[in-house]
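The values are calculated or read from the model by the stated rules, or taken from the named source; none is laboratory data. Please read all numbers here as calculations on a predicted model, not as lab measurements. No Cβ is skipped: glycine too gets one built from the backbone with ideal geometry, and neighbour counts run over all protein chains shown. These area figures cover heavy atoms from the full protein model, side chains too; ligands, DNA and RNA do not enter into them. Shrake-Rupley method; radii C 1.70, N 1.55, O 1.52, S 1.80 Å.
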Amino acid sequence: MSKPAPRMTTQDLTEGQRPAVVDRSDPGARGGSIGMVLLIALALVGAAVGLLVVGRGSAGPYILILLAVLATVGVFSLFALATGILRLGGKDASNPVLKAVVDEAVDGLLVTDARGRVIYANAAYLAMVEARDADDVRPVERVFIGDPDVSEAVYRLLKAAREGRRSQEEVRVAGLMGRPASWLRLRVRPLGDGGRGSKTTLWTVTDVTRDRERQENIFQELQHAIDYLDHAPAGFFSVDANGDVGYLNATLAAWLDHDLAQVGSGGLKLTDIVSGNGAALLTAIAAAPGEVRTEVFDIDFKTRGGRNLPVRLFHKVAYGADGAPGSSRTLVLNRGRGEGEDPQRAAEVRFMRFFQSTPMAIATVDKAGVVARTNALFARMFQNAQYDASAVAGEPRSILAAVAERDRGALEAAIKNAAEGQGDVAPVDAAFSGSGERWGRFYASPVEEEERDGEAAIVYVLETTGQRNLENQINQRARMESVGQLAGGIAHDFNNVLNAIILATDFLLGSHKPTDPSFQDIMQIKQNANRAAALVRQLLAFSRRQTMRPQVLDLGERLEDLRIMLGRLIGEKVTLDVKHGRDLWPVKADLSQFEQVIVNLAVNARDAMPDGGRLTLRTGNVVAADCATYAYKGLPSADYVLVEVSDSGTGIPPEIIDKIFEPFFSTKEVGKGTGLGLSTVYGIVKQTGGFIYTDSEPGKGTTFRIFLPRHVPVAEDMAFPQAAAPGVAEAPAAEAAPDLTGQGTILLVEDEEGLRALNARGLKSRGYTVLEAGNGVEAIDALAKHGGKVDLVVSDVVMPEMDGPTLLKELRKAHPDTKIIFVSGYAEEAFEKSLPAGEQFAFLPKPFTLKQLVAQVKETMKG
């Protein structure tokens, strides 16, 4: 019985025992036979000799037959060549050197046809698959048919071959080539044009066991190194320029009580592990391109529970060719361990915490202002491009670059004085460089001679931006209040004068016919007096002393009512766009005053767009949580209804935007504005309990934002219907002029003698008996002389000796049912607070006409 042929291994290949190569390629591709050529030549020579023997006369038919046979053979030969049945013999196209290289290749090579049959297999493939002989050669899918994992990989390769694609897989095979396990790299590549129609496929099988073992060894060594680093007695971490911690060893994670799973996934920031402003020290380092910097910092880390941990950092950062910092390599030493056993270390930790945690920025500088050392707050405070520019260029940072150019001279002089040993150097208030308006106060003190190491002075910095902003706000508010008080006082005196002029013109108009030559002059006087009264009302609006008649309003409806009037007001060059928010909350405001606010802002917007543009009115609700998004100073968190008035005009320069609400401030030409438009808007909004802010960019436009408090309706609001907008109420039917005559005794109290005489004259002309008094004391005496019985008291509010509210209190003691009308150039709210709660009285603001006076008197006496 014959023994089976032994299987071949890769060891046999190395020892020279190579198996035979399997080559089942088409034999037709080989060269032709020389014997066949000689046989055809002898046949042709024999035919020619035979024809000669036959003779010329009898050879004709034989020649034709021979030619016919040769022609037939030639035609069939050409047809066979064209169809590929017959091939011309020639030199073998195969290269013996290339064939030897393929046959002797270390990688296993296998060529299969479209049906998966083996066409060629080199010796290395035979050894890898342990083929006994040429008949034992199997394709790849049959070799590994018993291993599910390998079969799955082979299936993917077969699919790629059928689709005309190249592919590669690495598989682990057990029990191959006498090894417990081997790693093979399987490649597949279609031959020919590489498309789906490729008839043959090249398989390459490479033994990569040693490569994988080498990789595993390297991986194991790396794991050991990581394990050593993780459990080293010191902490290590790496942070990039964005403050993301990319690596944290287990020791440091244990110190800080952090989960290592958070590291490297963007879940841990430098600020999560560094206490206070210490992170600014690490991220503020700058160097020249290509430089490697190592800095030592004593700071506090913080654990996840918030406890501080004193550490010393050796922070190494490499900078790229563009100056951008790479990820750091930072060594962390725990200075809190054994602190109680080492008094010197404990003292150093206490000083470090004082130095790094103080709310004052500290830096040591040389005589030129070059910074030597800083604490964490200093690094955070001066993180701006101008301060870091010198460091990027490879030059040391200068503290002078941290302040605005206009203040550098003063700071440089202070540092020079401190460097010369002066102990009492005056502080310097300077603006910080960079974007934004920030200020600080700089203190310079000398360094002791024995302690100097290139350091000439210590500079302490306190940021005063908030303090300066608050001072500016207080000064602005005080200035506005003082101007408002002045305007209110002037308005009161003017109202008395205007009231006298208006009443006098009423008397003159009553005694002159419209055809009289002086009638138009009197009307002109009255019209100018009314214009003056309108200016006074604007002053009162700014000083918030005008009388308000608040009512519940739907701002969306009111703006719609104003749309037509605003369109005419702004002209055809300006496009009006009104956008209403949904479900606007109600507000409580004076309708006429609100309309004045919108009109004043629209007029300003029109004047800012001489060549035309767009005026946009926008409304919307603002909930308390959204107030912070506007970042306006002084805006409390509450529910508001927002009214925006935006234009596309010239804008407001930044240097004057803080003055636009001041009275009589105007950028218009002389005679084209009173300077009271925006101050009136400011006063009305403030008196309504709202806020107004301005955003403007020169050349692009201005936006005024008015925040009016949301009004929550109560029962008494429902009892009073909202007033209709002017011009939209239904016109009443024509009625007879009201009868303003009456009877009764009126006590008239007015300190202005001329105005009192005019008022008394007007009331007497309507049938009333008038008692006159110059102040509250005279009024009480006059009332006593008259027996204490009057039907009505008409009194001014501000008077010498005894004012109106005090007079009312005295009258109520003896005559609790006395009716009274207060007249004043101030707002009703200005004196109402000085009266008892629920006190009943009527009010008539100055200036008023004679008709308004007698109408109010008759209405009050009826009530």
Just tell me which lysines come within less than 19 Å, Cα to Cα, of residue 573; anything on the same chain fewer than 8 places away is out.
700
Protein chains only, probe 1.4 Å: how do 568, 756 rank by accessible area, largest first?
568, 756
Sort 206-218, 776-788 by packing, meaning the average of other beta carbons within 10 Å per residue, with the highest value first.
776-788, 206-218
For the stretch 89-179, what's the radius of gyration and Dmax over Cα atoms, in angstrom?
14.9, 49
Lysines within cross-link reach of residue 416: Cα-Cα under 16 Å, excluding same-chain residues under 8 positions apart?
367
In sequence order, calculated HN-Hα J values of the stretch 202-210 (Karplus, 6.51, -1.76, 1.60; Hz; x Gly/Pro)
9, 10, 10, 10, 10, 7, 10, 4, 5
Accessible area in square angstrom per residue, the stretch 195-290, 1.4 angstrom probe
52 Å²
Sort 580, 512, 258 by heavy-atom solvent-accessible area, probe 1.4 angstrom, most to least.
580, 512, 258
Please compute one quarter of the surface area of the Cα convex hull for the stretch 151-305 and express it in square nanometres.
16.1 nm²
Can you pull a Stokes-Einstein diffusion coefficient for the stretch 549-595 at 20 °C (1.002 mPa s), Rh from Kirkwood over Cα pairs, as a whole number of µm²/s?
181 µm²/s
One can check that the equivalent ellipsoid of the stretch 323-377, built from the alpha-carbon gyration tensor with semi-axes equal to the square roots of five times its eigenvalues, has lengths in Å, largest first, of 26, 20, 10
Please compare each pair in 813/862; 526/851; 99/159; 588/851; 302/633; 819/846 to a cut-off of 25 Å on the Cα-Cα distance and tell me which ones are over it.
99/159; 588/851; 302/633
Any idea of residue 794's accessible area? Nearest 10 Å², probe 1.4 Å.
0 Å²
